1. Looking at the stretch 322-347 only, could you name the residues that are surrounded by 17 or more Cβ atoms within 10 Å (Cβ to Cβ) and either within 11 Å of residue 386 (Cα to Cα) or within 16 Å of the ligand (Cβ to nearest atom) (or both)?
2. Within the stretch 154-164, can you find the residues that are surrounded by fewer than 17 Cβ atoms within 10 Å (Cβ to Cβ) and either touching a Leu at 6+ places or on another chain (Cβ under 8 Å) or touching a residue at least 24 places away in the same chain (Cβ under 8 Å) (or both)?
3. So how many residues does the stretch 404-433 have that are at pLDDT 90 or above, within 8 Å of the ligand (Cβ to nearest atom) and small (Gly, Ala, Ser)?
4. What number goes with the only condition from (1) outside any helix (DSSP H, G or I); (2) within 25 Å of residue 8 (Cβ to Cβ) that residue 222 does not pass?
5. From the list 49, 87, 79, 54, pick out the single residue that is under 23 Å from residue 177 (Cβ atoms), of a type in the set (Asp, Glu) and assigned to a helix (DSSP H, G or I).
6. Within the set of pairs 6+ apart or on separate chains, which have a first residue in the stretch 426-455 that is farther than 22 Å from residue 387 by Cα and touching a residue at least 40 places away in the same chain (Cβ under 8 Å), a second that is β-branched (Val, Ile, Thr) and within 12 Å of the ligand (Cβ to nearest atom), and C-beta atoms under 6 Å apart?
7. In the stretch 350-403, which residues are polar (S, T, N, Q), part of a loop (DSSP other than H, G, I, E, B) and more than 8 Å from the ligand (Cβ to nearest atom)?
8. Test residue 209 against the stated conditions and say whether it is touching a helix residue (DSSP H, G or I) at 6+ places or on another chain (Cβ under 9 Å), crowded, with 17+ Cβ neighbours inside 10 Å and β-branched (Val, Ile, Thr).
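The values are calculated or read from the model by the stated rules, or taken from the named source; none is laboratory data. Keep in mind the model is a prediction, meaning the values are calculated, not measured. For neighbour counting, all protein chains shown are included, and Cβ atoms are generated from backbone atoms with ideal geometry for every residue, glycine included.
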Amino acid sequence: MKKNVILIPGIVSILVLVTVQAYIIGQIWGQKDELFQIKYRQMAIEALEYYEEELRINGFDTALYMVDYYSSVVLQSNEFASASIDEIDYLNNLIIQEVRNILNEHQYLSELLSGYFVNHGFDGDLTTHIAINKFELIKEENSHTVYINREDLTGRAYKSKILVTQFINEDNHHRISFNFYIDVADKQAIILGEMLISMFMSILSIVVVVVIFIVAYHNLTEERRLSDLKTDFINNMTHELKTPLSTITVASKTLEFEKVINDRDKIIETARMIGKQSVSLNQLINLILEISIWERTEFEPEMKQMAVGTVLTDIVDSFRAGYREVATINSRISLEGLTIKADVTYFTTMINNLLLNAVRYSPENPMIDIKAYSNGREVIINITDNGIGIDKSHQKLIFEKFYRVSHGDIHKTKGLGLGLYYVSRIAASHGGRVELDSQPGKGSTFTVILPLNSN
Ligand code: ADP
């Protein structure tokens with residue numbers, strides 16, 4: 001729900017941005033197209049003036065002569081003279097079509113313009129269009145005129161073309177007015193070429209905004225997730241701190257009882273209990289302090305040569321001794337004579353954390369197998385349990401700070417969600433890594449992989 005509060009306005013603003021950019025590009029395109037037309041039109045008019053003034057030609061002289069000849073033929077034809085009102089319309093169309101054909105075939109203005117454009121360094125690849133506005137046949141012998149009028153849809157059909165000029169001509173047998181248009185064949189490509197930079201910039205700006213939005217959104221959700229985790233952590237920590245504290249409070253109160261004061265054994269037992277709880281309190285506080293120190297400064301363990309087999313055997317042996325009654329612990333450690341560069345304290349903490357988790361998350365008869373060997377380049381330590389396992393969806397997350405898998409609404413096993421975070425950071429600081437293979441309900445194998453000494 002809360003995510004949508006950011007997501008929807010974000011997406012809407014991106015859509016608005018895209019629409020605005022598309023509108024701007026459309027506008028620029030329109031302007032470029034207009035400029036393009038103006039430029040070519042001006043050139044064409046210049047060319048026309050040049051040819052008319054210098055050479056007394058306009059490119060349509062032959063064509064118009066032929067139209068007049070054709071008009072005289074039409075006027076003399078019986079077919080036309082005897083045409084009924086219905087037929088006149090049909091004939092009009094034929095005549096206009098023929099006139100247009102004659103104009104198109106016999107005009108050489110397009111060649112003149114093309115040549116002029118090329119001479120002036122412009123693209124001379126032209127297509128031409130003729131739109132007849134008005135055509136009249138003039139028949140004088142009967143002292144009346146036969147009009148054939150036809151309006152072309154010049155406005156719409158030729159909007160994107162360049163109007164060069166309007167020709168108006170009157171001869172013995174006809175009167176005509178027509179527009180002459182040209183079009184530069186690769187106009188679109190030329191305009192696109194000119195617009196490439198602005199289009200690129202606007203696409204780039206959209207991409208940048210989208211990327212920034214995604215990153216910001218990701219950071220925000222990440223931030224929120226972390227803050228949820230922190231809240232969980234604080235709740236857990238309070239719980240963890242409260243238990244030893246309340247034991248200490250109760251124990252110290254007991255010491256005030258008359259009966260207890262006189263019982264030496266009781267006093268010693270209570271003092272021990274207070275001591276034990278203080279130790280665990282202290283450990284907790286140290287752990288929290290240590291984590292916050294890691295946050296502030298780069299984590300730098302004190303690396304020394306370490307006989308990894310011996311150290312690991314010691315850790316496992318003392319763990320086994322401590323948990324003899326709780327868990328069955330088997331180990332096969334084949335690391336004789338191998339050394340790694342490591343900080344013994346951190347290494348011990350890492351292995352202990354994994355062993356402790358193996359016991360804590362195996363509720364029934366914990367069976368823990370430790371297998372350690374080397375592949376020649378690395379030391380590989382497998383710690384396998386027969387516990388509750390970890391669902392795929394949590395497997396990556398459990399190494400994050402404060403992350404805990406909730407089982408139902410309460411955590412059966414107490415913890416701060418720091419153990420594995422600690423493990424993965426220690427492994428990384430030793431140039432190694434931790435891998436996990438787990439099946440819910442069956443158990444888990446945590447594998448620590450650390451590089452061997454190269455020499
Ligand atoms: P904590 O144990 O304090 O919650 P950890 O970082 O050690 O924190 O572990 C994170 C979570 O990973 C635990 O809450 C638990 O759900 C899960 N987990 C860790 N080790 C095991 C294991 N061996 N078997 C099953 N789940 C485990």
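1. Across the stretch 322-347, the qualifying residues are 323, 327, 329, 346.
2. Correct list: 157, 160.
3. Residues meeting the conditions: 0.
4. Here residue 222 meets the rest and fails (1).
5. None of the other options fit; the residue is 49.
6. Short answer, once both residue conditions are applied: 427/434.
7. Once the filter is applied, which keeps residues that are polar (S, T, N, Q), part of a loop (DSSP other than H, G, I, E, B) and more than 8 Å from the ligand (Cβ to nearest atom), the stretch 350-403 yields 365, 375, 386.
8. No; evaluated as a whole, the condition is false for this residue.
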